[in-house]
Amino acid sequence: MQAKADGGAAPVICIDGPGGSGKGVLAAALAERLGWRYLDSGVLYRAVAVLALDARLGLDDEAALARLAEGMDAATEGGRLKLNGDDRTEDIRKEPVAESASTVARHPAVRKALLQQQRNARRAPGLVADGRDMGTVVFPDAELKIFLDASAEQRAKRRRKQLRSDGMRVSFGAVLASIRERDGRDSRRAASPLRPAESAVVIDSTAMTIAEVLERALALARRRRLGAGGAAHDINQP
Ligand code: DC
């Protein structure tokens, strides 16, 4: 098992799950309620994808993609992403970038290049980390692991609503197809596939509100005596 990144001081709660399961909303709300830091690890894969698309790199060029990941400076503040000095917040949320992120995330060398950046976010008073492999690979010794799931249809509904509120008009069928394709790629890849950690608590949020999911997660955190309240810290900073 991996040693704790900071010598054992900072506790971690992992929220893993497929796209559109609501893990980002849950993780941010949980961090806010606990007064902990929040790491959205998907942003890092999306950032590599944006840079690869900028540079017209082939998404199969593992070595070049890993070099991009190693050299990039990605920092989030107030919900904005500064990538190599530029604000790319809107760019990383576009569907082609999500697709490409899932493709670049297949490469073990890219995942390895991003590992330490993710572990560096583990600082006092604690970290809520969301992604696909937070509980299985990045923070295997986390104090609490939650795997948040929902039906593909429900996730497509949520994703479409989110895209529409960001001003993008897309059909339900297109969003559902893209979600299914991404699920397949994220779950079937050899490197750190999407799956619940052995000790993860699986929550199916299909018929639950955000408030209900948050209450459930807070109850699980309380049972493990995690968190004392306060304001959330911002994220992804090395
Ligand atoms: O969570 P998200 O939709 O922002 O993630 C974008 C892509 O990045 C997703 O399709 C898979 C990949 N990803 C990953 O492989 N591992 C993570 N910890 C987070 C995201």
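Nothing in this text is a laboratory measurement; each read-out follows from the coordinates by a stated rule. Remember, predicted model here, so these are calculated numbers, not experimental data. Glycine gets a Cβ as well: all are built from the backbone with ideal geometry, and neighbour counts include every protein chain shown.
For LYS161, list the lysines whose Cα falls under 28 Å from its own Cα; do not include residues on the same chain fewer than 8 positions away.
Hits, sequence-local ones excluded: LYS23, LYS82, LYS94, LYS145.
Pairs of alpha-carbon atoms within less than 8 angstrom and 6+ residues apart define the contacts here; what relative contact order does the chain have, in percent?
38
Relative contact order for the stretch 29-157: what percent, with Cα pairs under 8 Å and sequence separation of 6 or more?
Relative contact order here is 34 percent.
Could the peptides 130-143, 174-187, 36-49 be put in order, highest first, of the mean number of other beta-carbon atoms found within 10 Å of their residues?
So the peptides 130-143, 174-187, 36-49, ranked by packing, come out 36-49, 130-143, 174-187.
Need one number: convex hull volume per residue for the stretch 11-133, Cα atoms only, in Å³.
Details: hull volume 12.1 nm³, N = 123.
Residue-normalised Cα hull volume stands at 99 Å³.
Determine the sum of side-chain charges near ILE92: Lys and Arg each +1, Asp and Glu each -1, restricted to other residues whose C-beta is under 13 angstrom from that of ILE92. Spell out each step's value before the answer.
Values: positive: ARG46, ARG80, LYS82, ARG88, ARG93, LYS94; negative: ASP40, ASP54, ASP86, ASP87, GLU90, ASP91, GLU95, GLU99, ASP166.
My count for the surroundings of ILE92 gives -3.
Once Rh for the chain is found with the Kirkwood sum over Cα pairs, what is the Stokes-Einstein diffusion coefficient at 20 °C and 1.002 mPa s, in µm²/s?
Working: Rh = 17.9 Å.
Translational D for this selection: 120 µm²/s.
What does the net charge come to around GLY24 if you take all other residues with beta carbon closer than 13 Å to its beta carbon, with K and R at +1 and D and E at -1?
For residues surrounding GLY24, the net value is +3.
Given +1 on the Cβ of Lys and Arg, -1 on the Cβ of Asp and Glu, and no further charges, what dipole in debye does the chain carry about its Cα centre, rounded to the nearest 20?
460
Using modelled amide H (1.01 Å from N, peptide plane; none on Pro or chain starts), what sits under 5 Å from the amide H of VAL201, excluding residues fewer than 5 places away?
LYS145, ILE146, PHE147
Under the Karplus relation 6.51 cos²θ - 1.76 cosθ + 1.60, θ = phi - 60°, what is the ordered set of whole-Hz ³J(HN,Hα) values for the stretch 51-65, x standing for Gly and Pro?
5, 5, 5, 3, 8, 6, 7, x, 6, 9, 7, 4, 5, 5, 5
Calculate, axis by axis, the spread of Cα positions in the stretch 105-238 along the three principal axes, and write the results as whole Å, longest axis first.
42, 38, 30
Near PRO196, within a Cβ-to-Cβ distance under 10 Å, what is the net charge of the other residues, with Lys and Arg +1 and Asp and Glu -1? Could you put the intermediate results ahead of the total?
Details: positive: LYS145, ARG195; negative: ASP16, ASP149, GLU198.
Summing Lys/Arg as +1 and Asp/Glu as -1 gives -1.
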